[in-house]
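Readers should treat all values here as calculations from the given coordinates under stated rules, not as data from a laboratory. Everything numeric here is computed off the predicted structure, so don't read it as measured data. As a convention, Cβ positions derive from the backbone with ideal geometry for all residues, glycine included, and neighbour counts pool all protein chains shown.
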Amino acid sequence: MQTRWVIAILLAIPLADTLLLVPVANAIGFAATVLLVVLTGLVGMLLVRAEGRHTISRLQQKVATGGLPTNELMDGGLLIAAGAFLLTPGIVTDILGFMLALPLTRYPIREALKRYVVKPYIEKQTDGFVSGGVWTGGYPDDDVIDLDPESYGRRDDDNS
């Protein structure tokens with residue numbers, strides 16, 4: 001994804017929050033809206049804290065058994081983002097924060113990130129070495145090789 005699209009999305013989130021908070025405040029009242037935003041932030045932070053502890057214990061188990069804790073590290077990053085979204089006042093950011101904090105929605109997001117962000121980045125950095133998409137026979141920049149069986153054993157300066 002290009003940088004300008006990331007910046008546009010990051011700027012659109014607060015705009016969407018503002019455009020959604022005004023009608024909600026008109027519908028349920030200013031005090032109730034503030035209470036809703038504060039309450040979702042507190043509940044969200046408790047959820048992120050619990051999920052963070054669970055993720056750290058899974059990470060420690062994985063390291064203790066000699067495994068690579070890739071999923072746990074990605075979950076940790078997503079939980080940090082969830083905490084940031086939940087601390088930001090607004091309804092859209094709270095929804096995004098809860099999506100990143102709840103395992104039911106975090107796991108598909110993690111898999112999508114691995115597929116569309118992490119793997120292409122690693123492939124670009126290693127020139128296909130990680131997935132095995134590398135040239136394994138001969139030299140990739142050679143001219144086309146003539147595979148005609150009649151030309152075997154003949155040299156180009158041979159006139160026969």
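Note on ILE122 and ALA25: the model spin-label points, each 7 Å out from Cα along the C-beta direction, lie 4.6 nm apart. Between ALA64 and ALA32, the modelled labels are 4.9 nm apart [label points 7 Å from Cα along Cα→Cβ].
The fewest-to-most ranking of ASP75, ASP17, ASP127 by surrounding Cβ atoms within 10 Å reads ASP127, ASP17, ASP75.
Under 27 Å of direct C-alpha separation, and excluding same-chain neighbours fewer than eight residues apart, LYS62 reaches these lysines: LYS114, LYS119.
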